[in-house]
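Worksheet for the structure shown next.
The values are calculated or read from the model by the stated rules, or taken from the named source; none is laboratory data. Because the structure is predicted, anything quoted here is derived from the model rather than measured. A quick note on method: Cβ atoms are made from the backbone with ideal geometry, for glycine too, and the neighbour counts reach across all protein chains shown.
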Amino acid sequence: MGERIAFKEMAAFRPVTPGYALMPFRFARLPGRQEVLLTNEVGEFAFVADADLRALVAGTLDRGAPAYDELASRHFLAEGNPGAVTRMLAAKYRTRKSALRGGPALHLFVTSLRCDHSCAYCQVSRQSPDKSRYDMSPATARAAVDRMFEVASPALTVEFQGGEPLLAFDRIRQVTDLVLERNQAEKRDVSFVVTSTLHQLDAGMLAFFRQHGFKLSTSLDGPAWLHDANRPTPGRDGHARTLAGIALAREWLGDAQVAALTTLTRRSLDHPEAIVDHYVENSFRSVFLRPLSPYGFAVRAERRIGYGTADFLAFYRRAFAHILRLNREGTRIDEAYAAILLTHILSPFPTGYVDLRSPAGAGLGVLVYNYDGSVYASDEGRMLAEMGDTTFRLGSVHQPWQELAGSDAMATILGAGVAEALPGCADCAFLPYCGADPVHALATQGDPVGHRPTSAHCAKHTGIFQMLFDYLADGDPGTMRTFLSWVTHQDRDSLAGGAC
Ligand code: SF4
């Protein structure tokens, strides 16, 4: 956790002077900054001088001090009886955690593990002509739809994953038809996403996707030389075919329905500007700069394609500065992960993003129905299972949701997935915007609780939060306008799709 010093003010609610009561907060000293960052449980933040922080805690902050009004308006202190402020904070807290209501809203259907790519970082795909071995059966698909509707969430996102899910397009069609039929009575707010290489797209599929308002999410790793090196195909034409798929999908579905993500290998790290520029050249308004995941083939290829968190952060800062430069010059493009984190920081509402939540999104925000009938708490949980660790397998698609929700796997998630209760996170000033990831902790550190000082998940988030708060503290008007536009104009649903 580097130079950060975090401390939860345990004197919460105790009136320290006749004038004000101290409300709960955490603080951090960011490297290279004089001011101290204060955050509270509902995500409000303030930068104050060290002397003001000390006076605040001692109960001697003068009512006339410039920091006083700001700290009062952001609920770091309450004048008089703190009861009303506590109730207001409670209402805001309920809103921030409202994604928990109704249970999982994102449902991943792994219709096939088959794929003709051989990406070095792929977690799961199989190159096999044997459909019966790696495709979801019609009976499994039917049972998975039943499970999904047992969950109470009023909004349901159905995402088709693989391998390459389009290789089992019949199953996509079957699941979609079953969901729509069932939804005539259920009346949920249903949306559909396919995560695909887009290489198999044809007019029949596109007409079906258009009819049902599908979004498509694909992988575009950068210029051809980089994309084709990261994502080899038998014809060595993966990049050209991906761009052709994107063009076709946009033509049929519209630009807003097609999103792309990049996965960063070691060879990507020297080229942040080229990757961002490639997205701009191909008319994307968003680029998601995703580091490698510690699962599947990526682990086996670690020595060849892997890198440390410090290298990723150096890349990320350079790419981010380039993105801000482009925005200043009039090109609208965001970095999708930063836009999610900024939404956590600048907005009182939760995002639909399930990979950074507390309680963790695994099992509580997302369920995965695997091709073989297993149900997992998250996509990463099924990838871990492909590596032989089934800790996050909730059970079978033929068991009722109530039983799956009561599984040992869910108990593990609930025990290790509340960041507010995790050592290190509990005292961290970035906690209101961050999340617990018990699957990552188990995969990388051998237990689901994990150890923050040596956690790559924590190092990555600490680094990105420090960068974002540095920009926020500087307060450059152009940068602030760009950040606000990302927060207010982002269609977070488009992030439901992953990378294939
Ligand atoms: S994982 Fe997130 S909340 Fe936990 S200590 Fe690290 S940055 Fe803070």
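Structure notes:
- The residues in the range 353-368 that are within 16 Å of the ligand (Cβ to nearest atom) and either in a helix (DSSP H, G or I) or under 24 Å from SER137 (Cβ atoms) (or both) can be counted, and the count is 0.
- For the range 220-261, a residue qualifies if it is of a type in the set (Ser, Thr, Tyr) and modelled with pLDDT of 95 or more, and exactly one does: THR242.
- Test result for SER407, of a type in the set (S, T, N, Q), at pLDDT 95 or above, crowded, with 17+ Cβ neighbours inside 10 Å and more than 12 Å from the ligand (Cβ to nearest atom): yes
- Reported count of residues in the range 222-235, each being in contact with an Asp or Glu (Cβ under 6 Å, 6 or more places away or on another chain) and loosely packed, with under 14 Cβ neighbours inside 10 Å, is 0.
- The listed residue being within 27 Å of the chain's Cα centre (by Cα), among the basic types (Lys, Arg) and surrounded by 16 or more Cβ atoms within 10 Å (Cβ to Cβ), out of ARG188, ARG210: ARG188
- Lone qualifier among ARG231, ARG210, ARG290 - being charged (D, E, K, R), in contact with a Leu (Cβ under 6 Å, 6 or more places away or on another chain) and within 30 Å of LEU442 (Cα to Cα): ARG290
- In the range 402-419, the residues that are within 19 Å of ARG452 (Cβ to Cβ) reach residues that are modelled with pLDDT of 95 or more and more than 16 Å from the ligand (Cβ to nearest atom) with C-beta atoms within less than 7 angstrom, at least six apart or across chains, in these pairs: THR412/THR391; ILE413/GLY363; ILE413/ALA377.
- Qualifying positions in the range 148-165 - within 20 Å of TYR121 (Cα to Cα) and over 19 Å from the mean Cα position of the chain (by Cα): GLY163, GLU164, PRO165
- When we screen LEU313, LEU346, LEU364 for residues that are under 19 Å from the mean Cα position of the chain (by Cα), over 24 Å from GLY450 (Cα atoms) and not charged (D, E, K, R), the only hit is LEU346.
- The range 369-474 holds helices (runs of 4 or more DSSP H) entirely within its bounds, and those carrying 1 or more residues that are in the same structural domain as TYR121 (by TED's automatic domain parsing) map to 379-386.
- Residue in the range 40-58 that is at pLDDT 95 or above, within 30 Å of TYR376 (Cα to Cα) and among the aromatic types (Phe, Trp, Tyr) present: no
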